[in-house]
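Heads up, the thing below is written out as structure tokens.
The values are calculated or read from the model by the stated rules, or taken from the named source; none is laboratory data. Small disclaimer: the values here were computed from a predicted structure and weren't measured. All Cβ positions, glycine included, derive from the backbone under ideal geometry; neighbour counts span all protein chains shown. Protein only, heavy atoms only, side chains kept; ligands, DNA and RNA dropped before computing areas. Shrake-Rupley method; radii C 1.70, N 1.55, O 1.52, S 1.80 Å.
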Amino acid sequence: METTIEEIKEVVHGAATQLDSIWSECGFSEEMCRHRRHKMVDHVKALMSQMIDGEKNLRKTLVKSIDDNGLKFYQLNKQLGAGIPDPEEHLSLIELERYLRRAVVEMEKEVKERHSALEELRSQEQELCECLREELSDFEKKAVPSKESIKDLERIVKTLEQEKVDRVKTFHRLKDNLERLLKELEQSPVSSFECSVVAGLEDLFVLSTENLRRLKMLNEEYEKRVEDNKCESVELQEKIRLLSDRLGHDPGGRDQLLASMTGHAPSSLCKLREQLALLEEAKKENMGHFISQLRQELEEMWEKCYVGEEEKEEFTPYVSDECTEEVLEAHNVEVERLKKFHSENQKLYAVLDHWHQLWGKHLNLEEQSNNPDRLFGNRGCALLQEEKERRRVRGELPRVEKELEDLAEVYKEKSGQPFLIKGQTVSDYILDHWHRYHDQRKQEKKERQTARTKELLHETRLGSRPRTVSYKRHVAAEESGRKTKQRRLQENNSPEPSLLTTISTTPQSIGGRGILRDRNQRTLRSVPAEKDKTHGSSQEISTYSNFSRVQCSAFLDSFGWRFPSAKRRRLN
């Protein structure tokens, strides 16, 4: 500061010296020079004063700029969330003003960019909402939009753009499908809405939710009409095929005719209806023949569905002698009803048919077990295979019966009524079969016992006559063991010699050997019949050793003889 003052003094002193020199040369008086010196001092004072005022104004401007920019700085910094730090305290006015001014300029630039981005996003949103007929977002207007608000608006715009893409795809899909349906229905667009869709001016079509919904409903309506046409076409073809078969038409010509009418277009349906009308006229002329064929079909369905006699009698048109359209329609309705019922319960009927097959095998195996001739033809382990099949059937029957009852219970829960087989529930039907089976077994056993008793009485009184044995092996066994058996009978002291004497002296007999041979033949035939008394089931004589043991025991028991315990143990 002192250096500056000294410099100012030197400048002023030098200037005053030069002015005095000039004034002397000019010849100014002392008074005039003094006056001019006062002017010079006033001029210097005025200049200094002007400079001071200018610097004061500069300071005032800096202070005002600092105040204005400082206010903006704090406001914008808060609104933008820029996080710019406050200026340091030791800064001068110029540095403080420069810092605040630059910071405010940067923040105002960001505010301008945000406003510009916001306006562009709002413009895009408005355009998309007009295209999609959607409401604008409820965006809160602020002096300075925040980054979160701009990001939210960007997400909304992206969502609307994706929604537009999806709706455009949906529109093209529905439009193509509508054109295909109209072509299949041989129809042109009717309403203005259909025309606007099919016209090909996609840009003019408003992709609103309501328009797409209408377009979807229109597609569904035409889809239903096409499906109805398809079903009608199939139904007409089936009726034509059925009537042609019943009228005895050539199947080749019929198929060729139907091949020329394929499709479900209205023109094809018209041809099918005309053909069906011709066949209906022919059907009226052959009403009796049609009713007869339907009755045959009805009988087949009765058999498939196991319909009882009471239900058959309830269908009175079956016994009607009239050949009218009502009788024909009644038969047709009944046949279709049974077909539908059989189709809906196909699994249940499949299990029921399987049970009947097993039941038939069960009866056949029981019948085979009562045939003694199978014991002499056991080649290829036939008896073993038969026993395996018997066990399989006996194990399979309860499982199938349980499955059948479960399916019948499910049917009852769904329909609210029991599943009937020939007028009986499943449990009663199966139980009735088993009761009849056991009653038949008891009756057969009783008949065998009665025949056995009559035969013994007849032989006791009148003697016996030789019978022809069907198997050579049986005859050979009789011839080889005849003497041995007779000798064994003579060695054993019979407790009933009178019976043997009576039999041997009977006039109709052919000696003791004839009696033994005849009794041996009857014993061989009676072994299967007496199996329930000796062992309880045919499974215990399935091997040849068991059969021989049972044969000898039954043969001696028929005479009332018994082996001693030691011999019986050796025989066994």
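List of remarks:
Results for (1) within 47 Å of the chain's Cα centre (by Cα); (2) of a type outside the set (A, V, I, L, M, F, W, C); (3) more than 25 Å from ASN211 (Cα to Cα); (4) exposed (fewer than 13 other Cβ atoms within 10 Å of the Cβ), shown as yes or no for each residue.
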position	(1), (2), (3), (4)
HIS115	no, yes, yes, no
GLN124	yes, yes, no, no
LEU128	yes, no, no, no
CYS131	yes, no, no, no
GLU134	yes, yes, no, no
LYS147	no, yes, yes, yes
LEU153	yes, no, yes, no
GLN162	yes, yes, no, yes
ASP166	yes, yes, no, yes
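- In the stretch 326-355, the residues that are open to solvent by 70 Å² or more (accessible area, probe 1.4 Å), in contact (Cβ under 8 Å) with a residue 24 or more places away in the chain and within 30 Å of GLU285 (Cβ to Cβ): LYS339
- Hits in the stretch 206-262 (condition: of a type in the set (Val, Ile, Thr), open to solvent by less than 60 Å² (accessible area, probe 1.4 Å) and under 31 Å from the mean Cα position of the chain (by Cα)): VAL226
Residue-wise test of (1) part of a loop (DSSP other than H, G, I, E, B); (2) at negative phi; (3) surrounded by 14 or more Cβ atoms within 10 Å (Cβ to Cβ); (4) at pLDDT 80 or above.
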position: LEU47; (1), (2), (3), (4): no, yes, no, yes
position: GLY54; (1), (2), (3), (4): no, yes, no, yes
position: ASP68; (1), (2), (3), (4): no, yes, yes, yes
position: LYS78; (1), (2), (3), (4): no, yes, no, no
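- Only one entry in ASP321, ASP353 is part of a loop (DSSP other than H, G, I, E, B) and out of contact with any helix residue (DSSP H, G or I) (no Cβ under 8 Å at 6 or more places or on another chain), namely ASP321.
- When GLU97 is tested against (1) open to solvent by 90 Å² or more (accessible area, probe 1.4 Å); (2) farther than 28 Å from GLU148 by Cα; (3) not small (Gly, Ala, Ser), just one condition goes unmet, and that condition is (1).
- Taking every residue in the stretch 142-165 that is without any contact (Cβ under 8 Å) to a residue 40 or more places away in the chain and pairing it with any residue that is open to solvent by less than 80 Å² (accessible area, probe 1.4 Å) and not in a helix (DSSP H, G or I), at least 6 positions away or on another chain, the pairs with Cβ-Cβ distances below 6 Å are ILE156/SER137.
- Matching option when the condition is under 22 Å from ASN219 (Cα atoms) and not in a helix (DSSP H, G or I), among VAL190, VAL144: VAL190
- Residues in the stretch 398-413 that are open to solvent by 70 Å² or more (accessible area, probe 1.4 Å) and closer than 18 Å to LEU338 by Cα: LYS412 only.
- For GLU313, the test of being part of a helix (DSSP H, G or I), modelled with pLDDT of 85 or more, open to solvent by 70 Å² or more (accessible area, probe 1.4 Å) and over 27 Å from LYS402 (Cα atoms) is passed.
- Flag not set for PHE193, criterion: more than 30 Å from LEU269 (Cα to Cα) and surrounded by 12 or more Cβ atoms within 10 Å (Cβ to Cβ).
- Of all residues in the stretch 83-94, those that are under 28 Å from LYS147 (Cα atoms) and surrounded by 14 or more Cβ atoms within 10 Å (Cβ to Cβ) total 2.
- Hits in the stretch 225-263 - residues which are over 19 Å from ALA282 (Cβ atoms) and modelled with pLDDT under 80: ALA259, SER260, THR262, GLY263
- Note on the stretch 1-25: residues that are open to solvent by 80 Å² or more (accessible area, probe 1.4 Å) and part of a helix (DSSP H, G or I) total 13.
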